[in-house]
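The values are calculated or read from the model by the stated rules, or taken from the named source; none is laboratory data. These figures come from a predicted structure and were not determined experimentally. Note that each Cβ is placed from the backbone with ideal geometry, even for glycine, and that neighbours are counted across all protein chains shown.
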Amino acid sequence: MDKRTTSASNTGSYIARGASAELFDVGNAQVLKLFRDSVSDEMIAREIEASIHAETSGVPTAAAFARQDRHGRRGIVYPRLEGATVMDWVRRNPMRAGWAIDQMGAIHGAMHRARGGTLRPLKQVLATDIAYGPAPVPLQRAAIAYLETLPDWDALIHGDFHLGNIMMTPQGMKVIDWSKAAAGHPAADAVRSEMLMRFGIGPADWVTNLWRDWAAGRLRRGWLTASPDMVVRDIDAWRPVVALAWLRAREAGRTPAFMRYLDRALAQAGLPQLDR
Ligand SMILES: Nc1ncnc2c1ncn2[C@@H]1O[C@H](COP(=O)(O)OP(=O)(O)O)[C@@H](O)[C@H]1O
Ligand SMILES: [Mg+2]
């Protein structure tokens, strides 16, 4: 019998779930994050490496202790963080949303002072996502050639910096969920957060959409304030390639608004429009 399965009789009590995993309290102030089968081994390994690298670089986070499997499911053990995600906190404290989002933007800007180290290069990730995405080949080629002209940079990039991946703890905000981390340009990460806020998974009724657009602007301003000018001036330049890359795996929410956003970004960069 598999040693792993016999030694792992107790999974602990359920705490929360995200898109890729479920979290269990396993005692000793630790949690076990058990992944869905669809998550690749590479993503799990990256999440461990990046969370440790982020903590070592001074980013407020919880670094992985170890890979640990239970009942045949792959997992990672983390220190347990107290508190809720910023998403849940904002729902309970709607009048303080602006303050919380400003904090998030400041943390995002400060985080980008860390180097990406040995994490995969973001330009390569974007080029692959564009090439495997739905855009017609001439647009893909033009966008990848354009991407090559953008400045090289090796900041620590989170890749999934949204309200559900930041926790509000008694020790301040902590950034979690590093499976999409990379080394690259901070402006690309800021654009991705803007898209997650405006067009990411979650409610998309018109009132929420107004809130989303407001929150995305506020998050961007927080990031801009915390970032050096030489990084900030490139935000518009990264938008078309980050948006095209996002097309590969995006959910269908707010499609017309996202398409207008993409068209505008492509036009601004002098790239062809997406035919449809
Ligand atoms: N170290 C932790 N301590 C306590 N709760 C956590 C911790 N890490 C994650 N969580 C909770 O579990 C949820 C899912 O975790 P996350 O790492 O974001 O997984 P996913 O990759 O599925 O999004 C989070 O939104 C949060 O509520
Ligand atoms: Mg998450």
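Miscellaneous remarks
- Contact map, segment 87-106: first residue assigned by TED's automatic domain parsing to the domain that holds N165, second residue within 16 Å of ligand 1 (Cβ to nearest atom) and of a type in the set (V, I, T), Cβ cut-off under 6 Å, separation 6 or more or different chains; pairs are A97/V90; A100/V86; A100/V90; M104/I166.
Listed here are the residues, each with its yes/no results for (1) more than 11 Å from ligand 1 (Cβ to nearest atom); (2) over 16 Å from A190 (Cα atoms); (3) part of a loop (DSSP other than H, G, I, E, B).
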| site | (1), (2), (3) |
| --- | --- |
| P138 | yes, yes, no |
| W153 | yes, no, yes |
| L156 | yes, no, no |
| M168 | no, yes, no |
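- Residue satisfying condition, being farther than 16 Å from A100 by Cα, in contact with an Asp or Glu (Cβ under 6 Å, 6 or more places away or on another chain), among the aliphatic types (A, V, I, L, M) and buried (at least 20 other Cβ atoms within 10 Å of the Cβ), within set A187, A181: A187
Yes/no matrix, rows are residues, columns are (1) within 18 Å of W153 (Cβ to Cβ); (2) in contact with a helix residue (DSSP H, G or I) (Cβ under 8 Å, 6 or more places away or on another chain); (3) more than 16 Å from ligand 2 (Cβ to nearest atom):
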position: M168; (1), (2), (3): no, yes, no
position: K174; (1), (2), (3): no, no, no
position: S193; (1), (2), (3): yes, yes, no
position: M230; (1), (2), (3): yes, no, yes
position: W238; (1), (2), (3): yes, yes, yes
position: T255; (1), (2), (3): no, no, yes
position: M259; (1), (2), (3): no, no, yes
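- Cross-chain or 6+ apart pairs with Cβ under 8 Å, segment 240-256 first and in the same structural domain as D129 (by TED's automatic domain parsing), then surrounded by fewer than 16 Cβ atoms within 10 Å (Cβ to Cβ) and among the polar types (S, T, N, Q): P240/Q268
- Sub-9 Å Cβ pairs linking a first residue in segment 157-173 that is at positive phi to a second residue that is among the hydrophobic types (A, V, I, L, M, F, W, C) and within 11 Å of ligand 2 (Cβ to nearest atom), at least 6 apart or interchain, are G159/W178, ordered by first then second residue.
- Look at (1) surrounded by fewer than 17 Cβ atoms within 10 Å (Cβ to Cβ); (2) within 22 Å of K180 (Cβ to Cβ); (3) of a type in the set (S, T, Y) and you find that T225 fails only one, number (2).
So that you can scan it fast, the table gives a plain yes or no per residue for (1) assigned to a helix (DSSP H, G or I); (2) over 28 Å from M230 (Cβ atoms); (3) modelled with pLDDT under 95:
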{"site": "M87", "(1), (2), (3)": "yes, yes, no"}
{"site": "R96", "(1), (2), (3)": "yes, yes, no"}
{"site": "I101", "(1), (2), (3)": "yes, no, no"}
{"site": "L119", "(1), (2), (3)": "no, no, no"}
{"site": "K123", "(1), (2), (3)": "yes, no, no"}
{"site": "P134", "(1), (2), (3)": "no, yes, yes"}
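- Comparison of I52, I76 shows that the only residue that is part of a strand (DSSP E or B) and among the β-branched types (V, I, T) is I76.
- All conditions but one from (1) more than 16 Å from S179 (Cβ to Cβ); (2) in the same structural domain as S13 (by TED's automatic domain parsing); (3) buried (at least 17 other Cβ atoms within 10 Å of the Cβ); (4) not charged (D, E, K, R) apply to A54; the one that does not is (1).
- Residue check, P151 within 28 Å of L34 (Cβ to Cβ) and not assigned by TED's automatic domain parsing to the domain that holds R17: no
- Qualifying helices (runs of 4 or more DSSP H) (wholly inside segment 180-276; at least 1 residues being under 20 Å from the mean Cα position of the chain (by Cα) and more than 29 Å from I52 (Cα to Cα)): 186-199, 206-225, 235-246, 255-268
- Search result, residues across segment 103-117 that are part of a helix (DSSP H, G or I) and at positive phi: none
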